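Encoded as structure tokens, the structure appears first; notes follow it.
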Amino acid sequence: MVSGSVQRVELVGLWRSQIAGLGVPAVVATVLIILLTASPLVNLLISAVTGGLKAFSIVMNSSMLSLIAQTLLLAGLATLWAMVLGLPPAWILTRTDLPGRRLLQAVGVLPLAIPPYIGAFTYITLLGPVGWINTAYQTMGGSGPIVNIYGLWGGALVLGLFTYPYILLMVSSALKGSDPALEEAARAAGLGPVGIFCRVTFPLLRPSLLAGALLVFLYALSDFGAVSLLRVNTFTTEIFHQLNTRFDQQNAAVLSAILVLLTAVVLMAQRKSLGRRSFVQRRGGTRPATIYPLGRWKVPALCCSYLVLGGSVFLPVALLLYQIGSPMSLLHTLFAGYHYLWNSLWTAAVAATAASGLGLFAAYLSQRRKGPVGLLLTSATQLGYAIPGTVLGLSLILLYNTYLPWVYGTATMVILGYLLRFLPQAVQGSAAALAQVNPNLEEAARSLGRSTWQALREVTVPLIRPGVAAGWMLVFISSMKELAATLLLRPAGFDTLPVRIWIASIEVDYAGAAATSLILIAITALPLFLISRLDATASQLN
Amino acid sequence: MGNIAKKRIGEIAVAGTNIIPLEQTSSPRPMVIRLDRVSKHYGGDTIAAVENISFSVEQGEILVLLGPSGCGKTTTLRLIAGFEAPDGGRIEIAGRTVACDNIFLPPEQRGVGMVFQDYALFPHLTVQENVAFGLRHVSAEQQRSRIAEALDLVGLSTLHRRYPYELSGGQQQRVALARALAPSPQVVLLDEPFSNLDADMRAQIREDVHSILHQAGTTAIFVTHDQEEAFVIADRVGVLNRGCLEQLDHPEAIYHTPATRFIAGFVGSADFVPGLVQGERITTELGTFPNQQGLSVGRAVELMIRPDDIDLVPDEASEATVLTRQFRGADNLYCVRLPSGRKIHSNQGSTKFIEPGTRVSIQANPTHVVCFDIDGLSQ
């Protein structure tokens with residue numbers, strides 16, 4: 001009937017189609033990725049627990065309780081402040097006839113492009129003990145400082161100012177997507193504008209507001225740069241202190257484990273709130289939401305929007321520009337510190353490339369071949385979200401110092417840190433792009449004579465390229481800005497731009513810090529611009 | 001359940017006078033597709049997606065697989081294309097076994113063209129590049145002429161430089177067809193190809209596709225849930241229900257002499273009235289009908305009555321009453337209550353009005369007497 005050799009060839013075909021063309025290499029790669037991403041955290045938790053009695057005594061220490069209280073208080077205050085800053089502009093910019101609201105919407109997310117440690121630094125130059133305000137007050141004859149940015153309140157002020165766009169974005173998108181018929185129904189039922197807002201609009205916004213608030217809270221828990229510059233004592237600064245000045249890895253590990261636990265609780269709350277958010281996102285046809293005329297409220301609304309933007313964008317940038325003094329000093333910083341720039345660029349580029357490759361693989365496997373392996377893989381790649389930079393740095397140090405000491409103390413550690421911390425962004429970029437690609441396209445290619453791999457290369461890859469590129473740039477930007485992990489993982493003398501900014505701020509070299517900050521902002525703004533261009537191309541293709 | 005299903009396979013038949021086993025419908029034309037007791041279960045599911053399906057398709061024939069959603073028609077198509085591997089049975093394409101117990105040929109080696117429900121045109125390639133996608137192993141010269149030929153066939157020669165998103169739904173549909181036809185496949189498989197088109201375009205495009213396929217002399221298997229579409233396009237129709245092929249025949253036979261009660265109800269509308277076999281006649285409350293199949297005396301059966309077969313005449317003496325009238329433009333659909341309380345439907349001309357409440361006498365004139373046993377099989 002069928003000759004032996006033909007049968008064997010066709011059997012290989014069956015085997016290939018059953019595991020969908022991704023055989024042993026896929027399994028090996030999956031195991032390696034899970035090992036790479038999960039082992040540092042697992043090792044950290046083990047070393048925290050093996051401390052046993054000592055760990056217990058650390059936890060029960062009274063200063064620990066105040067540390068927890070301080071950290072949660074900071075995060076809570078920052079979240080409240082971000083809500084105050086983000087909620088009114090969200091409504092004003094989406095639902096009123098405010099002049100220039102499109103431009104303001106675009107500018108409103110700019111604070112996300114300014115790392116909070118740069119924001120903290122600019123506010124120190126303004127409100128610090130020897131900042132402008134105090135100096136001006138003293139020259140006018142006052143005695144002692146009248147404002148002091150250092151401490152809990154200053155920390156919350158700065159963190160809220162530079163994270164409120166999370167809330168602005170979440171709430172705006174919910175406001176844009178909400179069904180206008182709901183508000184019309186409320187109006188038909190006899191409610192006025194205030195009644196509609198309180199009884200219909202706001203309750204529908206609550207899930208998005210909560211989701212945005214949790215993002216801010218998570219960020220505040222994990223921040224190291226701004227908090228350390230503003231001299232607030234939180235988990236991240238305490239971990240850094242234990243590790244860098246007291247060289248007590250055991251203490252640092254226990255602190256990190258508790259911080260991871262806190263973060264995990266918030267993440268679970270976030271997952272729950274995102275799950276419930278779905279009912280708001282249902283669009284009511286193609287009709288846009290009702291736009292309210294502002295009338296005599298126009299001027300207050302404009303003032304409110306510009307005050308928020310002023311405090312978070314215009315003022316910091318103006319302060320940075322002023323601190324530099326002259327363009328010559330910017331050029332001087334650029335030439336004198338070109339190797340910081342180079343260190344930042346190449347580590348971020350290598351990390352972004354590695355993350356994009358792994359992210360594409362993980363996203364493809366979990367999306368096209370659904371199953372427990374895919375699920376495990378995506379969860380493993382998402383771990384970076386749960387780990388603050390300080391904790392990630394510590395866990396990598398603990399792991400590699402013990403098991404791979406020849407990697408420890410090289411730039412590879414820095415790249416590994418970026419890779420693990422920002423892999424979720426690359427996975428999401430690839431996953432979003434893959435979700436846009438109709439799986440029928442691959443089948444169409446197969447029916448036109450292409451193998452699994454050929455279909456992937458000729459159809460899927462060209463279509464997802466913009467999404468993968470966007471993911472690459474997101475990882476690149478985040479890596480360029482990462483401070484805490486870099487501080488812990490860098491080899492001696494390996495400075496990057498954020499490390500330079502942080503050190504210069506501490507050493508009160510304000511001109512140097514400002515120039516380096518402007519370079520960093522300029523470099524990270526360019527890829528952001530490119531991403532928005534890529535999005536336009538991608539939406540045209542699909 | 002399983003037993004009944006297996007029994008049906010042997011009984012795939014034209015109901016009524018002649019019962020022809022499948023194997024004897026052979027003609028001089030060669031078979032392009034042959035499925036032999038093909039089954040497919042999805043992981044963990046106890047109900048089969050496809051159960052013991054057997055059929056063959058001749059060179060140049062257009063076969064339509066018709067059935068409700070979830071009946072296994074798309075799975076059958078994917079099994080032929082090679083996107084799924086069968087759990088049992090054998091699939092042959094042009095005399096070559098492409099799937100059986102220890103053989104599985106991947107889709108790219110089967111020589112099968114596929115037109116997807118959503119067309120699946122490559123969005124990053126132009127019309128011309130889409131059509132060229134399956135023409136890798138031919139010379140550039142030949143490639144050009146084959147592309148021109150395929151685009152000419154579907155009437156899109158002037159649009160070859162456009163991208164898919166610049167085309168209308170109907171144009172995309174035709175590009176998908178041209179792309180599938182260009183490599184001259186053994187068979188073209190079309191998965192609900194018209195369901196994404198607007199209703200007013202559908203009839204026209206259906207006709208175009210039909211004539212394109214005939215012109216190209218291509219063997220084709222369509223999948224659809226729309227019986228009208230099936231009847232217009234098909235040389236033969238196979239009706240699937242719960243993974244089983246219940247009847248495979250010409251469209252006329254499917255409509256007039258359905259093999260199972262399911263088909264009678266699914267294809268066109270029908271009422272069923274109980275009857276009793278009494279020698280040469282079958283008596284029902286609508287009157288007596290000839291016992292054409294020679295059923296044994298005393299059997300209880302159900303007679304299929306199509307609304308077209310019922311005539312209504314106003315008659316004060318009758319006990320049947322008109323309940324409702326639905327004016328549908330080209331005709332009127334009446335619902336009539338019989339003395340027993342049973343309801344029956346009748347199609348009358350566009351201008352024949354009878355007020356609800358009117359007593360009518362009923363005349364049933366079925367062209368074929370189709371009756372079913374209690375288990376739903378045709379007798």
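The values are calculated or read from the model by the stated rules, or taken from the named source; none is laboratory data. Computed from a predicted structure; not experimentally measured. Virtual Cβ from ideal backbone geometry, glycine too; neighbours counted across all protein chains shown.
I need the full set of residues from region B:108-119 which are surrounded by 21 or more Cβ atoms within 10 Å (Cβ to Cβ) and either farther than 22 Å from B:R174 by Cα or more than 7 Å from chain A (Cβ to nearest Cβ) (or both), in order please. Selection gives B:R110, B:V115, B:Y119. Taken over region B:288-305, the residue count meeting the criterion of being in contact (Cβ under 8 Å) with a residue 24 or more places away in the chain, assigned to a loop (DSSP other than H, G, I, E, B) and under 13 Å from B:D373 (Cα atoms) is 3.
Residues in region B:134-148: is at least one within 14 Å of chain A (Cβ to nearest Cβ), over 29 Å from A:Q436 (Cα atoms) and either part of a helix (DSSP H, G or I) or touching a Ser or Thr at 6+ places or on another chain (Cβ under 7 Å) (or both)?
Looking through region B:134-148, at least one residue is within 14 Å of chain A (Cβ to nearest Cβ), over 29 Å from A:Q436 (Cα atoms) and either part of a helix (DSSP H, G or I) or touching a Ser or Thr at 6+ places or on another chain (Cβ under 7 Å) (or both).
Residues of region A:449-464 that are more than 9 Å from every other protein chain (Cβ to nearest Cβ) and either in contact (Cβ under 8 Å) with a residue 12 or more places away in the chain or small (G, A, S) (or both): A:W453, A:L456, A:T460, A:I464. Could you tell me which residue of region A:243-258 is modelled with the highest pLDDT, considering only residues that are in a helix (DSSP H, G or I) and among the polar types (S, T, N, Q)? Per the criteria, the residue is A:S256. For A:S539, are the conditions met, namely being modelled with pLDDT of 85 or more, farther than 22 Å from A:D223 by Cα, out of contact with any Phe, Trp or Tyr (no Cβ under 8 Å at 6 or more places or on another chain) and within 14 Å of chain B (Cβ to nearest Cβ)? Judged against the criteria, A:S539 is not a match.
In region B:157-170, the residues that are under 19 Å from B:M201 (Cβ atoms) reach residues that are surrounded by 15 or more Cβ atoms within 10 Å (Cβ to Cβ) and among the acidic types (D, E) with C-beta atoms within less than 9 angstrom, at least six apart or across chains, in these pairs: B:G170/B:D208. Only a single criterion out of (1) more than 24 Å from the chain's Cα centre (by Cα); (2) in contact (Cβ under 8 Å) with a residue 12 or more places away in the chain; (3) within 11 Å of another protein chain (Cβ to nearest Cβ) is not satisfied by B:E129, namely (2). Among the residues making up region A:415-448, none is facing chain B (nearest Cβ under 8 Å) and in contact (Cβ under 8 Å) with a residue 40 or more places away in the chain. When we screen A:L497, A:L474 for residues that are within 23 Å of A:L341 (Cβ to Cβ) and either crowded, with 24+ Cβ neighbours inside 10 Å or charged (D, E, K, R) (or both), the only hit is A:L497.
Residues in region B:71-107 that are touching a Pro at 6+ places or on another chain (Cβ under 7 Å) and either of a type in the set (A, V, I, L, M) or more than 7 Å from chain A (Cβ to nearest Cβ) (or both): B:L79, B:A81, B:G82, B:A99. Quick check: anything in region A:224-242 under 24 Å from A:L267 (Cβ atoms), modelled with pLDDT of 90 or more, in a loop (DSSP other than H, G, I, E, B) and of a type in the set (D, E, K, R)? No. Of the residues making up region B:197-244, not one is touching a residue at least 40 places away in the same chain (Cβ under 8 Å), within 16 Å of the chain's Cα centre (by Cα) and surrounded by fewer than 15 Cβ atoms within 10 Å (Cβ to Cβ). Could you say whether any residue in region A:373-387 is of a type in the set (S, T, N, Q) and either over 19 Å from A:A29 (Cβ atoms) or within 14 Å of another protein chain (Cβ to nearest Cβ) (or both)? For region A:373-387, residues of a type in the set (S, T, N, Q) and either over 19 Å from A:A29 (Cβ atoms) or within 14 Å of another protein chain (Cβ to nearest Cβ) (or both): absent.
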